[in-house]
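Taking it in order: structure first as structure tokens, then the write-up.
The values are calculated or read from the model by the stated rules, or taken from the named source; none is laboratory data. Owing to the predicted nature of the structure, the values given are computational and were not obtained by experimental measurement. Heads up: the accessible areas ignore ligands, DNA and RNA and are worked out on the full protein's heavy atoms, side chains in. Shrake-Rupley method; radii C 1.70, N 1.55, O 1.52, S 1.80 Å.
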Amino acid sequence: MYLEKRGVPTSTVVSTAFLTHGHLAAKNLQLEDLPLLVTPHPLNDLTADEVREMARSAYPVVLEQLTGQGKLAKHTLIDFVHPASRAKAGAKA
């Protein structure tokens with residue numbers, strides 16, 4: 001967030017569990033418009049392959065945030081479904 005204050009584009013990543021905290025922290029630093037990249041929560045149980053899959057999903061958003069082209073959304077949820085959610089959905093089907 002300090003780089004953003006100096007005009008250096010950043011990509012700030014938070015999980016869904018910390019989205020509110022991320023917005024509050026940005027507001028406290030007078031960065032209310034700081035765009036956040038939002039990942040599913042929790043992350044600690046992901047395998048290395050799942051982390052790579054999530055990173056591939058996040059890549060376009062990171063590029064957009066770093067290049068600052070156009071109006072950026074306040075927060076962007078990446079297109080990645082947590083494996084635990086996939087398992088629950090599969091069990092219900």
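A straight chain from residue 30 to residue 2 at 0.36 nm per residue would run longer than the Cα-Cα distance by 9.0 nm. In the chain, the calculated helix contribution to ellipticity at 222 nm averages -14500 deg cm²/dmol per residue, counting -39,500 (n - 2.57) for every DSSP H run with n ≥ 4. Protein heavy-atom accessible surface, 1.4 Å probe, per residue over the chain: 67 Å². Taking 25, 48, 58 in turn, the Gaussian network model of the chain (Cα-Cα springs below 10 Å) assigns the largest fluctuation to 48. For region 2-93, lysine pairs separated by 8 or more sequence positions, or belonging to different chains, with Cα-Cα distances below 27 Å total 5. Heavy-atom accessible surface of residue 16, to the nearest 10 Å², is about 70 Å², with a 1.4 Å probe and all protein chains retained.
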